[in-house]
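Asker: This is the structure I want to talk about, given as structure tokens.
The values are calculated or read from the model by the stated rules, or taken from the named source; none is laboratory data. From a predicted model like this one, the values you see are computed outputs, not experimental measurements. Because the Cβ atoms are built from the backbone with ideal geometry, glycine has one as well, and the counts that use them run over all protein chains shown.
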Amino acid sequence: MSLIFDLHSHSNISDGLLSPAELVEHAAMHNVDVLALTDHDDTGGLEVAASEAKRLGLQFINGVEISVTWKKRTLHIVGLKIDPQHPPLKFGLESIRAGRHTRAAGMAAGLEKVGIKGSLEGAYQYATEGIIGRIHFARFLVDSGISKDTKSVFKKYLVKGKPGYFEHQWASLEDAVNWIVGSGGVAVLAHPGRYDLGRINMLLLLNEFRALGGAAIEVVTGSHTGAQYVEYAKYAQLFGLKSSQGSDYHGKGLSFMEMGRLPMLPSNCVPVWHDWPEALL
Ligand code: AMP
Ligand code: MN
Ligand code: MN
Ligand code: MN
């Protein structure tokens, strides 16, 4: 029987709903064998999650999901098997988190202009454990009755061109990959199908990512369609990159997919874990 890997998930240290310990329990309940916690720009949940995983007999991978700006677009780079104490990674993430506070103030100012008051304080009420991000604004806007659900609140207020969107410069692709690889980790391009890049830019991105030391791309993820599994398996093969999989679970109502339900990687993929000791147990 093959092991179930879930190498992309979120706790309330970033924009998930469950605490790190609850997330690990949830993974165990859904039969995940190897779990990575990959909170946005924050590694604050790893220690607790790792010890809960040990208690429950689940294999745990230290992870992070780093926000990057590449050609004026936001990309996410997942780091697996990172060392959260590696100074460049630690200070790099600290600086992204500081930027998130400035950005949040900018988002609130944009919302104020369309008559929505108090969203900064409102959003921070949902962001008590770690980073502040768009989901915390979304939750405030839904709970205060301004929008009916997360999906519509993003569409109306929080995406590019909408009042609560604030243009922000994240880390460079080079820095993000260097921090991850420098800490002993593996850099993975998260959900490439979400960026709407077009073929030429996707080829440029993958070429650059690999040259910088990137090792894998997510092929099977909660945010890809079945057709995209096949498409990105081909890209991985074309570039000699390994393939990763993860639910990108955020919690009930917020998740793209439930844990433990992902299909297997297409057979032409080399799994990112193919030479990991976790794959042998
Ligand atoms: P941020 O890093 O603050 O820009 O927030 C990005 C996060 O918002 C993503 O990781 C998702 O969890 C969430 N998100 C982005 N777009 C949507 C959407 N259309 N509906 C629900 N959640 C979304
Ligand atoms: Mn998220
Ligand atoms: Mn992401
Ligand atoms: Mn994610």
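Asker: Could you list all residues from the range 248-263 that are modelled with pLDDT of 95 or more and out of contact with any helix residue (DSSP H, G or I) (no Cβ under 9 Å at 6 or more places or on another chain)?
Answerer: ASP248
Asker: So is LEU189 more than 16 Å from ligand 4 (Cβ to nearest atom) and not aromatic (Phe, Trp, Tyr) or not? First the steps, then the outcome.
Answerer: On the way: more than 16 Å from ligand 4 (Cβ to nearest atom): no; not aromatic (Phe, Trp, Tyr): yes.
Taking the combined requirement at face value, the residue does not satisfy it.
Asker: Residue by residue through the range 21-33, note down the ones that are within 30 Å of SER95 (Cα to Cα), away from ligand 2 (no atom under 15 Å from the Cβ) and in contact with a helix residue (DSSP H, G or I) (Cβ under 7 Å, 6 or more places away or on another chain).
Answerer: Those that are within 30 Å of SER95 (Cα to Cα), away from ligand 2 (no atom under 15 Å from the Cβ) and in contact with a helix residue (DSSP H, G or I) (Cβ under 7 Å, 6 or more places away or on another chain): ALA21, VAL24.
Asker: Then there's this: Hey, could you check the range 240-250 for residues that are part of a loop (DSSP other than H, G, I, E, B) and under 17 Å from GLY63 (Cβ atoms) and say which is nearest to ligand 1 (Cβ to nearest atom)? Walk me through how you get there before you give the answer.
Answerer: So the first thing to find is which residues in the range 240-250 are part of a loop (DSSP other than H, G, I, E, B), and the list is 240-241, 247-248, 250.
From what's left, under 17 Å from GLY63 (Cβ atoms): 247-248, 250.
Values: SER247: 12, ASP248: 8, HIS250: 5 Å.
For the range 240-250, the residue satisfying everything is HIS250.
Asker: Within the range 251-274, take every residue that is within 16 Å of ligand 2 (Cβ to nearest atom) and under 18 Å from THR225 (Cα atoms) and give me the one that is surrounded by the most Cβ atoms within 10 Å (Cβ to Cβ).
Answerer: Going through the range 251-274, the residues within 16 Å of ligand 2 (Cβ to nearest atom) turn out to be 251-259.
Narrowing the set further to residues that are under 18 Å from THR225 (Cα atoms) leaves 254-259.
Values: LEU254: 15, SER255: 17, PHE256: 16, MET257: 18, GLU258: 13, MET259: 23.
Taking the candidates together, the pick is MET259.
Asker: For residues that are within 18 Å of ILE180 (Cβ to Cβ) and either touching a Phe, Trp or Tyr at 6+ places or on another chain (Cβ under 7 Å) or surrounded by fewer than 23 Cβ atoms within 10 Å (Cβ to Cβ) (or both), tally how many sit in the range 211-234.
Answerer: Matching residues across the range 211-234 total 5.
Asker: Grab the helices (runs of 4 or more DSSP H) fully contained in the range 129-196, keeping just those with 1 or more residues being within 16 Å of ligand 2 (Cβ to nearest atom) and surrounded by fewer than 21 Cβ atoms within 10 Å (Cβ to Cβ). So that I can check it myself, show each step before the final result.
Answerer: On the way: elements: 134-143, 150-153, 173-182.
Answer list for the range 129-196: 134-143, 150-153.
For every residue, the table says whether it meets (1) among the acidic types (Asp, Glu); (2) under 22 Å from HIS30 (Cα atoms); (3) within 13 Å of the chain's Cα centre (by Cα); (4) part of a strand (DSSP E or B).
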{"position": "GLY214", "(1), (2), (3), (4)": "no, no, no, no"}
{"position": "ILE217", "(1), (2), (3), (4)": "no, no, yes, yes"}
{"position": "VAL220", "(1), (2), (3), (4)": "no, yes, no, yes"}
{"position": "HIS224", "(1), (2), (3), (4)": "no, yes, no, no"}
{"position": "ALA227", "(1), (2), (3), (4)": "no, no, no, no"}
{"position": "TYR232", "(1), (2), (3), (4)": "no, no, no, no"}
{"position": "TYR235", "(1), (2), (3), (4)": "no, no, no, no"}
{"position": "LEU238", "(1), (2), (3), (4)": "no, no, no, no"}
{"position": "SER255", "(1), (2), (3), (4)": "no, yes, yes, no"}
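Asker: Let me ask something additional. Exactly one of (1) in contact with an Asp or Glu (Cβ under 8 Å, 6 or more places away or on another chain); (2) within 16 Å of ligand 1 (Cβ to nearest atom) is unmet by LYS72. Its number?
Answerer: Only one criterion in (1) in contact with an Asp or Glu (Cβ under 8 Å, 6 or more places away or on another chain); (2) within 16 Å of ligand 1 (Cβ to nearest atom) is unmet by LYS72, namely (1).
Asker: So is LEU7 closer than 16 Å to SER255 by Cβ and more than 13 Å from ligand 4 (Cβ to nearest atom) or not? It would help to see each step written out before you state the result.
Answerer: Working: closer than 16 Å to SER255 by Cβ: yes; more than 13 Å from ligand 4 (Cβ to nearest atom): no.
So LEU7 fails the test.
Asker: Moving to a separate point now. Just wondering, is there one or more residues in the range 98-114 that are within 27 Å of LEU7 (Cα to Cα) and without any contact (Cβ under 8 Å) to a residue 12 or more places away in the chain?
Answerer: At the first step, the residues of the range 98-114 found to be within 27 Å of LEU7 (Cα to Cα) are 98-100.
Cutting the leftovers down to without any contact (Cβ under 8 Å) to a residue 12 or more places away in the chain gives us 98.
Yes: the range 98-114 contains one or more residues that are within 27 Å of LEU7 (Cα to Cα) and without any contact (Cβ under 8 Å) to a residue 12 or more places away in the chain.
Asker: ALA98 passes all but one of (1) within 16 Å of ligand 2 (Cβ to nearest atom); (2) over 20 Å from ARG261 (Cβ atoms); which number fails?
Answerer: (1)
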